[in-house]
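Working notes, structure below.
The values are calculated or read from the model by the stated rules, or taken from the named source; none is laboratory data. Owing to the predicted nature of the structure, the values given are computational and were not obtained by experimental measurement. Cβ sites come from the backbone with ideal geometry, for glycine too, and all protein chains shown count toward neighbours.
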Amino acid sequence: MPTLIVLALNPSAHAFETLGYTWPIERMPVELGVADDGQPGNPADCAASGGLTACCEETLPAGSCYEAVQSAAALWSDATCSLLEFEVPDGTSNPVLAAPNTTSGPGSRVIFNDPDGIVEAGVPTITLSVFGGDEFDELEQVVVIFNDGMAFRQPGAPCDDAVDLQAHLNHHLGHISGLGHSCDEGEPCEPELKEAVMYWTVPDCGAPTELAQDDIDGLRFLYGPRATLDCGGESAQALDITCTLQVTEPYVATQTDFDFGDGSDGTSGTHTYAEQGTYTVAVEYVVGDDESCVDGASGTTSVEVTVCAAPEPRFEVDVQSSTQVQLLNETAVDLPGCINDASWTVFEGDSATGDPVVEPLTGWEPLLQLPEGATYTAVLELAGPGGTASATQTFSTSGGSASNNGGEGCGCSGSGGAAGWVWALGLAVAMGRPARRRRS
Ligand SMILES: [Zn+2]
């Protein structure tokens, strides 16, 4: 079931405010019906006809309600760099298509003489927004209702005691677009914001007939070009990146100036960093197209990127017993996301050849069980956005400590080294003595 919500406006406005909804682009143009068939307005005849004939405000010339809604629709639709479009079905030739003069029923419309008695005394106009959908937050339709019992003057007529119908229509189509007020009652307000169509009150005389810059800014905020910068997503990248400015259709970027955050810039979004790190990429842009955004819209947007060089693996081997070694990963991990895979392979002998003696291990620092008393070669391979690299070490479990021979991609020094071999040799000598005694 749809819910009916009377517009409640944010009271803290100092420039344009929004009402929390927009019309989706796929629903353009927004149709706004008006039941004015060109007959002189008469509320009783209008009601008797089911809201189809004689429904224009009776203090206005026949047909002028339809023309006034068309004029207000054009005021907002013609603004540049905005995708909002209103369309007013022709009430004077087809009031059925144009929607009846009633608050009930589907479709957005402007209605006169408040047939359901909704508008408070003294209030010229209200807008009802109808929301629905699964989440009750999808705008379905709006109904602008003009008060009964108030005298309205026709568009362009000299100021008198009657209410300016065109000025109220202009203002309420701004609300229908999703805009609140440039300033609300009692707020400090810059003079130019008082000139806006969306100023909180519509003056009896001398209301603006054109959109002010603040009205246009608000409209472009809701319906103008959207530009987002994509440098490959949020995950870390290799040192060479490609950034693209994505602009909502049908707009296109006509100018881009990138700053890559490392002191270099350019009009293209491709760049190769010299060092890994986290950088802020910013782009100044101009977007436009040939029709709806001829005067262009400009802005700046930025995104943070982490770029990675190839990993530099380093590790040590802690021989804990003749059958157990702990592989100790000493690789520097300065930047999150630059290493996303670590795998270990262990071969028998002093080179990384032949079949591995254990299944390849993943994990940062695996504990390894090995057959007793042999020489092994371990390879650590690290992979990340910047590439893949490996380090190799040869060690022996027979003496309980490790040696290393450095290796590809390894700038490391292994534990034990020469001292470990001395200790291993001493153990062998000690184990040999009983044999010699038996021989003697
Ligand atoms: Zn208002």
task: May I ask you to list the residues in the stretch 209-249 that are within 14 Å of the ligand (Cβ to nearest atom) and within 19 Å of the chain's Cα centre (by Cα)?
output: 218
task: Would you check which residues across the stretch 25-64 are of a type in the set (S, T, N, Q) and touching a residue at least 24 places away in the same chain (Cβ under 8 Å) and list them?
output: 53, 59, 64
query: Can you name the residue in the stretch 161-181 that is near the ligand (Cβ under 10 Å from one of its atoms) and not small (Gly, Ala, Ser) and, of all such residues, is nearest to residue 200 (Cα to Cα)?
result: 181
query: Which condition breaks for residue 274 when tested against (1) under 30 Å from residue 190 (Cβ atoms); (2) over 24 Å from the mean Cα position of the chain (by Cα); (3) not assigned by TED's automatic domain parsing to the domain that holds residue 178?
result: (1)
query: What are the residues in the stretch 19-52 that are of a type in the set (Ser, Thr, Tyr) and touching a strand residue (DSSP E or B) at 6+ places or on another chain (Cβ under 6 Å), if any?
result: 21
message: Within the stretch 106-117, does at least one residue satisfy the condition of being away from the ligand (no atom under 16 Å from the Cβ), surrounded by fewer than 16 Cβ atoms within 10 Å (Cβ to Cβ), outside any strand (DSSP E or B) and of a type in the set (Ser, Thr, Tyr)?
response: no
- line: All-but-one check, residue 155 against (1) surrounded by 21 or more Cβ atoms within 10 Å (Cβ to Cβ); (2) farther than 17 Å from residue 222 by Cα, failing number (1)
- line: Among the residues of the stretch 182-208, the number that are out of contact with any Leu (no Cβ under 7 Å at 6 or more places or on another chain), more than 10 Å from the ligand (Cβ to nearest atom) and assigned to a loop (DSSP other than H, G, I, E, B) is 14
message: Any residue at all in the stretch 157-165 that's outside any loop (DSSP other than H, G, I, E, B) and in contact with a Leu (Cβ under 8 Å, 6 or more places away or on another chain)?
response: yes
field: Criterion (surrounded by fewer than 23 Cβ atoms within 10 Å (Cβ to Cβ) and modelled with pLDDT of 90 or more) met by exactly one of 171, 175
entry: 175
query: Quick one: how many residues across the stretch 59-80 are outside any helix (DSSP H, G or I) and either in the same structural domain as residue 249 (by TED's automatic domain parsing) or touching a Phe, Trp or Tyr at 6+ places or on another chain (Cβ under 8 Å) (or both)?
result: 2
Unmet requirement for residue 321, which otherwise passes all of (1) in contact with a strand residue (DSSP E or B) (Cβ under 9 Å, 6 or more places away or on another chain); (2) under 30 Å from residue 370 (Cα atoms): (1)
- prompt: When you look at residue 260, is it modelled with pLDDT of 90 or more, out of contact with any Lys or Arg (no Cβ under 9 Å at 6 or more places or on another chain), surrounded by 14 or more Cβ atoms within 10 Å (Cβ to Cβ) and aromatic (Phe, Trp, Tyr), yes or no?
  reply: yes
- prompt: What are the residues in the stretch 125-155 that are in contact with a His (Cβ under 9 Å, 6 or more places away or on another chain), within 16 Å of the ligand (Cβ to nearest atom) and within 23 Å of residue 39 (Cβ to Cβ), if any?
  reply: 125, 144, 146
task: Could you list all residues from the stretch 10-20 that are surrounded by fewer than 17 Cβ atoms within 10 Å (Cβ to Cβ) and modelled with pLDDT under 90?
output: 10, 11, 12, 14, 20
